[in-house]
Amino acid sequence: MEWLKRLFGNHEEHEPLLSRQEDLPGIGEVRIAYVVDCMGAMCPRPQLLTKKVVEQIAEGEIIEIVSDNPAAVEAFPWLAETLACTCLLTVRERDRWRIYLRKGLGSEAAGNNG
Amino acid sequence: MNANVEALSGVGWMDQFRHRLYSAAILLAVTLGSVWALAIDVRFIYLLVYVWFGVIYGVLLQYGRFCMAAAVRDLFAVKVPRMAVGMMIAVGLYALVAAVVTLTGFSTFHPQPLGWHVLIGGAIFGFGFVFTGGCASGSLYKTGEGNLNSALVVFSIAFSQALVVSASGWFDGLAPAAWAQSAAAKGMPESLSVTRGWFDLFTAGYIWDLKGQTLAELLAVGDSPVTTIFVNTFVNAILPVLGILVALYAFYYRKGFLRKSGKAHLGWSDELAGMWAMCTSSKNTALAGVGLGIFAGLHMWVTGALREHYEIFNFGELLAAMGYTDGLSIQNTVFDPGYWYITTQEAQWGGWVLEKLGVNMMDNVFFGLDNGLPNPLLNAPGFMSIGIILGAAMLALARREFKWKFPTWESAFFAIAGGILMGIGARIAMGCNIGAFFATVTNGDPSGWIFLAGMVGGGYVSVRVFTKWMDWKVAREGGGLL
């Protein structure tokens, strides 16, 4: 049965969900309030999880979404708009993307981002 | 505002090169396979047309992330109209190309029978695809991206359809008696047993009594090419597309646009600028739509020309002439739509496997009379689906988006259950989001809009159910959030 577990277990390398400081290129040092781990998740899970998290954070807080789903990643700037968030940055790594959203529309922090 | 950064610390040029090499290897394999097939018999060119158009469809689907499930679901789940907008633009552009193909006389399109089954089938299909995370075409291109969950969906669609069209049992009694009478009166050969099996009763006793018509035929506007094109392309496709785009703008985009513009009131030119901004933000999907329109039109044209060249109506005749008579229907035909189609060939894969396992799959109308059960190696539209997977894999590899993804227990359950529903829905509606919607509305057949209505309704209910499931799961797994 071990092989079955291995086959159907979640295979992705998951992210620690703790909040942390992060130096974002072009934006500077920010505090990440939450990490939304969507590794291996099919649509609409990444979108729905993000929506849930955005509902719970305070205005101005920044979250990081980690996903390996290119279709979901591409839709995030649109999603940010409907959730009244600012999509600060999308970082592409070898096998995943990191998307940084700040709750609230446009403000001083975004101004740093050219 | 949104900047994109490539943090490729872990990615060397070797990695990039390796991915491109795999991509080229797929192209080489398809080319060599084609040459091999032509060396066996040059008439395999007919089958290879499906293969190569499949590859092109796959590339375009992956490029545009072309997924009808995303279009419906994102609208209701998170109020994002992006994919729906792209899809509508694609429909409009495809319709224009289809009009040209029809004018040249090479169209292979047949309108679908119009009836309540289209709405019901569409709703079941739409209910299923929110759970699977992809529509019929979306699941194929995602399989090409290495997503084994989507492969499971394709598998599930294949077998559920095969079982739906061949099953008989107590539920035969659910079919109205009028269907049985009507089916019996069709004088079909004994071997098809049309009065046994609910799908046979449904097909012979109900579908065959319906008519499939283009809007121009329905309105009996005469057969001048200009009037036909005006009614079939403009009234049946372009006008509804414009209407839906305006509705999407008004309900899902305008508020954000107003907020961004900083104005209290939008004038006409602002509204038009807003519409334009909405349409251009779905650029990739729209561009894929242009490509799909052009190539799907070309596909019809090339297949039509080959049929003329070989003086055949159906690939089955060519297979018989080449000496391959196994799996032909009793009319010597196989499934050969001559245009973009997805689900029927998948049903044939499932049916072929079950037949090999000893189940009689040819005693029904679907396989026995119409579509046959050819060996998958001789299944031309089947190769179109394989071509889609390979084409999507090629582009995904070249863009470094290919990744093997394995299902979890939960996603596997959803893939199988949702796939079964999609299979059932596709058979009842006589097609999927491509065969029953995309190919129909663009060729003047209004039945596709009924299918869309059903699919959107099913999708809406399904999004509600799925969101409840997510809420429950998140609450159960604690932490308040994840």
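For the condition in contact with a Leu (Cβ under 8 Å, 6 or more places away or on another chain), more than 7 Å from chain B (Cβ to nearest Cβ), under 23 Å from B:Thr467 (Cβ atoms) and at pLDDT below 90, A:Ala80 does not qualify.
The residues in region B:328-343 that are polar (S, T, N, Q) and buried (at least 24 other Cβ atoms within 10 Å of the Cβ) can be counted, and the count is 1.
Quick one: is B:Trp469 within 14 Å of chain A (Cβ to nearest Cβ) and either within 17 Å of the chain's Cα centre (by Cα) or part of a helix (DSSP H, G or I) (or both)? So B:Trp469 passes the test.
When the test is whether a residue is open to solvent by less than 20 Å² (accessible area, probe 1.4 Å), more than 23 Å from B:Glu6 (Cα to Cα) and within 10 Å of another protein chain (Cβ to nearest Cβ), A:Ile99 does not pass it. Check whether at least one residue in region B:199-210 is at pLDDT 90 or above, in contact with a Leu (Cβ under 8 Å, 6 or more places away or on another chain) and either under 29 Å from B:Pro176 (Cβ atoms) or among the basic types (Lys, Arg) (or both), and report yes or no. Within region B:199-210 (the criterion being at pLDDT 90 or above, in contact with a Leu (Cβ under 8 Å, 6 or more places away or on another chain) and either under 29 Å from B:Pro176 (Cβ atoms) or among the basic types (Lys, Arg) (or both)), the answer is yes, since at least one residue qualifies.
The helices (runs of 4 or more DSSP H) found entirely in region B:35-139 that carry 1 or more residues being more than 30 Å from B:Leu377 (Cα to Cα) are B:68-77, B:82-104, B:116-132. Among the residues making up region B:338-358, a single one is on the phi > 0 side of the Ramachandran plot and touching a residue at least 60 places away in the same chain (Cβ under 8 Å): B:Gly338.
Among helices (runs of 4 or more DSSP H) entirely within region B:235-342, having at least 3 residues that are touching a Gly at 6+ places or on another chain (Cβ under 7 Å) singles out B:283-310.
What are the residues in region B:288-317 that are open to solvent by 10 Å² or more (accessible area, probe 1.4 Å) and among the hydrophobic types (A, V, I, L, M, F, W, C), if any? Selection gives B:Val290, B:Ile294, B:Phe295, B:Leu298, B:Trp301, B:Val302, B:Ala305, B:Leu306, B:Ile312, B:Phe313. When B:Ala98 is tested against (1) open to solvent by 10 Å² or more (accessible area, probe 1.4 Å); (2) of a type in the set (Gly, Ala, Ser); (3) under 24 Å from B:Asn314 (Cα atoms), exactly one condition is not met: (1). What number of residues within region B:418-460 are within 14 Å of another protein chain (Cβ to nearest Cβ) and open to solvent by 10 Å² or more (accessible area, probe 1.4 Å)? Total satisfying the criteria: 1.
The values are calculated or read from the model by the stated rules, or taken from the named source; none is laboratory data. Note that the structure is predicted; figures quoted are calculated from it, not measured. We place every Cβ from the backbone using ideal geometry, glycine too, and count neighbours over all the protein chains shown. Just the protein is used for accessible areas: all its heavy atoms, side chains included, with ligands, DNA and RNA removed. Shrake-Rupley method; radii C 1.70, N 1.55, O 1.52, S 1.80 Å.
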